[in-house]
Amino acid sequence: MHFQWDWLCLGVLIMSSVTAGMENEENLDADVEVENFDKQSQEADVDRDKSSIEVAYQTPKPTGEVYFTESFDEGLSRWVLSVTLKEDTDDNVAKYDGRWEVEELKENAMPGDKGLVLKSVAKYHAISAMLTKAFVFDDKPLIVQYEVNFQKGIDCGGAYIKLLSSSNDLNLEYFFDKTPYTIMFGPDKCGEDYKLHFIFRHKNPKTGEYDEKHAERPDVDLKKFYLDKKTHLYTLVLKPDDTFEILIDQTVVSKGSLLENMIPPVNPPKEIEDPTDKKPDDWDERPKIPDPNAVKPDDWDENEPAKIEDPDAVKPEGWLDDEPQYVPDPNAKKPKDWDEEMDGEWEAPQIPNAKCEAAPGCGEWVRPMKNNPKYKGKWRAPMIDNPNYQGIWSPRKIPNPDYFEDPHPFKMTTVSAIGLELWSMTSDIYFDNFIICSEKEVADRWAADSWGLKKLVASANEPGMFSQLVTAAEEHPWLWVLYILTLALPVGLTVLFCWPGKKSDECIAFKKPDISKQITKGELKEEAEEFEDDELEEEKENEAPDEDEVEVEGDEDIYDDDDENEVPDEEENEVLDGSQDDGFNKSDSEDEKKEDDEGMGDLPLKSVRKRRVRKD
């Protein structure tokens, strides 16, 4: 058993060590920069223990061909505020007069790093800027990337961007919700609906009209990105092979095909239901029908109620029939300003009757109700398979007159501007570091020099695990119970299984035989013979060294065949009172001593440990 306890103790210690190691690894992983960053960007990393003040921020510079970049470190010189009105809205709120500012982050800010901040609540905001170079959807991917921080969380509002379609009449001063766009991308939230939009406007090659195509919702939980008050990186990658990827913090959260994963589909179905087809009057869609041959049983009484009074119920003893359950409050007083002509006759408010608290009940006693054993309800004929069942009717299919096939929806309308047209019930939404390019490496390097530093500073300024646990417990006091149990359980197990306890009775019996135990002469004789047998076996073992080793253990008796059949006589069963000095009681008579000497011969007068020999 001690062997098992030792292994259990060792297992507990190993598990504790592994758990501590995993926590350390998680803490380290939280401080590691994104894996996809270039090696050059890692040279700008500083020690994780340094504060954000020591991080040297520099305005990021694009390292390849780009169509648009904006860090807002130099203000809003390129941006145009909208001066138009929103259509189909009350005049008092239709104006795009929401305020924008260029500010540093409220938390984990780096000196010199600024972003665009939406400042107004319950107002329409619109701001836009022309691209450095228009993007043509040809043979190069489109990569759109920017940062968002909901510094106060978000109740209801969006943080998406629009890539505005090129046109001769595009005027950014009149940018509003109806301005044609090619792509809309970014987070949006209202209530408990957390969205990440990717919408593109597809031109119908037959009619020339544009329809919005929405990407399927991501399968990941987006809630934390809206509520953790951290800066997150949103990336959209559109490829010429008509596939797309959506990333948050450089982790793919959604991907698919423009041909297969858009709602509604880009290409309409080849066949549609005939709108002129009608279901025949005799078409039977019922798979089951009531059995027309079934007859209600004669003893079926539909008038029996579901509940009846319990005739066996007895009014509890002490029931106060004459006492009401509620009585007027004797301490209530009519208000001084009570006007009986205006307010009517004043009545004291009702309170529970104090006499009813000690009694089983007050008022008129009514028998309780119970289920009626005779109740069967309304009779209905059992259902059977419908012999005339024809299945669910559907209209016939005809060729779709509006069918078309666009094999490459990636070839969208050229983009020449970027804009933010938003409504929000929460202020201080932070935007920063926009980039539009065609090379993923360029976007990753841009992110490493901007968002990567923000992530580094935020990780360095995060409170330790102990502080986080204390903060969580302050918000949810029941967590203290969980913490105490979590700490007490391993300590209790360690003390229970690993603390040295008293030696077992087995060990005590093995090391210190009870010399004061009463031993009969017959037992002494048997032990002596066993002792001689053990010596003979040990000699045989020494003479044969190649045989298996044997070990001596246990307290089981080994007897020869003669010994097992031998019955000690009455004289041998006399009890010898042993002592620690002589092994005999000095009060015994000399005759008894003599008989003992003759019976035992030269054998030592002591208890011999009985052993069992077995092969290992």
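Remarks
- Of all residues in segment 253-274 being open to solvent by 40 Å² or more (accessible area, probe 1.4 Å) and aliphatic (A, V, I, L, M), the one that is farthest from LYS195 (Cα to Cα): ILE272
Listed here are the residues, each with its yes/no results for (1) of a type in the set (A, V, I, L, M); (2) open to solvent by less than 10 Å² (accessible area, probe 1.4 Å).
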site	(1), (2)
VAL80	yes, no
ASP90	no, no
ASP97	no, no
LYS106	no, no
GLY112	no, no
SER120	no, no
MET130	yes, no
GLN145	no, yes
VAL148	yes, yes
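- Matching residues, segment 282-341, being surrounded by 10 or more Cβ atoms within 10 Å (Cβ to Cβ), within 30 Å of PRO382 (Cα to Cα) and among the β-branched types (Val, Ile, Thr): ILE289, ILE308
- MET383 meets each of the listed conditions (1) open to solvent by 90 Å² or more (accessible area, probe 1.4 Å); (2) touching a residue at least 12 places away in the same chain (Cβ under 8 Å); (3) more than 47 Å from the chain's Cα centre (by Cα) apart from (3).
- Residue within segment 141-148 that is among the polar types (S, T, N, Q) and in contact (Cβ under 8 Å) with a residue 24 or more places away in the chain present: yes
- Any hit, segment 184-199, residues being within 23 Å of SER128 (Cα to Cα), open to solvent by 20 Å² or more (accessible area, probe 1.4 Å), without any contact (Cβ under 8 Å) to a residue 12 or more places away in the chain and of a type in the set (D, E, K, R): no
- Checklist (1) open to solvent by 10 Å² or more (accessible area, probe 1.4 Å); (2) touching a helix residue (DSSP H, G or I) at 6+ places or on another chain (Cβ under 8 Å) applied to TRP478, failing item: (2)
- Against the criterion of being in a helix (DSSP H, G or I) and open to solvent by 90 Å² or more (accessible area, probe 1.4 Å), GLU441 qualifies.
- If the condition is being among the charged types (D, E, K, R), more than 25 Å from GLU65 (Cβ to Cβ) and over 35 Å from the mean Cα position of the chain (by Cα), then segment 123-176 contributes LYS123, ASP169, GLU173.
- Number of residues in segment 395-419 that are closer than 30 Å to GLU70 by Cβ, open to solvent by 70 Å² or more (accessible area, probe 1.4 Å) and not in a loop (DSSP other than H, G, I, E, B): the value is 0.
- Summed over segment 306-329, the residues that are assigned to a loop (DSSP other than H, G, I, E, B), in contact with a Lys or Arg (Cβ under 9 Å, 6 or more places away or on another chain) and in contact (Cβ under 8 Å) with a residue 60 or more places away in the chain give a count of 1.
- Filter result (within 30 Å of PRO280 (Cβ to Cβ) and of a type in the set (Gly, Ala, Ser)) within segment 355-410: ALA381, GLY391, SER394
- Among the residues making up segment 222-245, those that are surrounded by 14 or more Cβ atoms within 10 Å (Cβ to Cβ) and either basic (Lys, Arg) or free of Cβ contacts under 8 Å to residues at least 60 places away in the same chain (or both) are LEU222, PHE225, LYS229, LYS230, LYS239, THR243, PHE244, GLU245.
- Tabulated pairs, segment 111-128, first within 21 Å of PHE434 (Cβ to Cβ), second surrounded by 23 or more Cβ atoms within 10 Å (Cβ to Cβ) and of a type in the set (Val, Ile, Thr), C-beta under 6 angstrom, 6+ apart or interchain: LEU118/ILE429
- Against the numbered list (1) open to solvent by 90 Å² or more (accessible area, probe 1.4 Å); (2) assigned to a strand (DSSP E or B), ILE392 comes up short only at (2).
- In this structure, GLU364 does not satisfy being in contact with a Lys or Arg (Cβ under 6 Å, 6 or more places away or on another chain), in contact (Cβ under 8 Å) with a residue 40 or more places away in the chain and assigned to a loop (DSSP other than H, G, I, E, B).
- Check on SER427, in contact with a Ser or Thr (Cβ under 9 Å, 6 or more places away or on another chain), surrounded by fewer than 21 Cβ atoms within 10 Å (Cβ to Cβ) and within 19 Å of GLY158 (Cβ to Cβ): yes
The values are calculated or read from the model by the stated rules, or taken from the named source; none is laboratory data. All values derive from a computational prediction rather than experimental measurement. Cβ sites come from the backbone with ideal geometry, for glycine too, and all protein chains shown count toward neighbours. These accessible areas exclude ligands, DNA and RNA; they are computed on the full protein's heavy atoms, side chains included. Shrake-Rupley method; radii C 1.70, N 1.55, O 1.52, S 1.80 Å.
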